[in-house]
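A quick write-up on the structure given underneath.
The values are calculated or read from the model by the stated rules, or taken from the named source; none is laboratory data. As the structure is a prediction and not an experimental result, all values here were calculated from the model. In this analysis, Cβ positions are derived from the backbone assuming ideal geometry, glycine residues included, and neighbour counts consider all displayed protein chains.
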Amino acid sequence: MLPHLHSGRQVDQAILSEEDRVVVIRFGHDWDPTCENGRVPDFNKMNELYDPCTVMLFFRNRHIMIDVGTGNNNRINWAVEDKQVGIIETVYRGARKGRGLVVSPKDSSTKYRY
């Protein structure tokens, strides 16, 4: 079960407390994987999180940007599914090498194209 973070302080502590793993923070609700989290408005405002679903990745207290082909390297605007764990692995490998921006193994620019 994933922990719920209800304040900006809890989000900060989750990011600061992990030294060897990628911290994946999804702003959303349990019942709706594409819903913005209204419980942490200070963090939403600080990071300009206006999309219904936002996933941000951190490693050793550092925000890791990822190029998934959408033009927005700061965050992912959909809930990461089990089959997309390659994104997290890519972030881990790049971040361990000191990179602040990594390139996704798969171009997701057409993810929502019909």
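General observations
- Among the residues making up region 75-114, those that are exposed (fewer than 14 other Cβ atoms within 10 Å of the Cβ), within 21 Å of residue 21 (Cβ to Cβ) and modelled with pLDDT under 85 are 81, 82, 83, 85, 86, 105.
- Exclusive hit being modelled with pLDDT under 85 and of a type in the set (A, V, I, L, M), set 49, 57: 49
- Residue in region 57-70 that is touching a Cys at 6+ places or on another chain (Cβ under 8 Å) and farther than 14 Å from residue 102 by Cβ present: no
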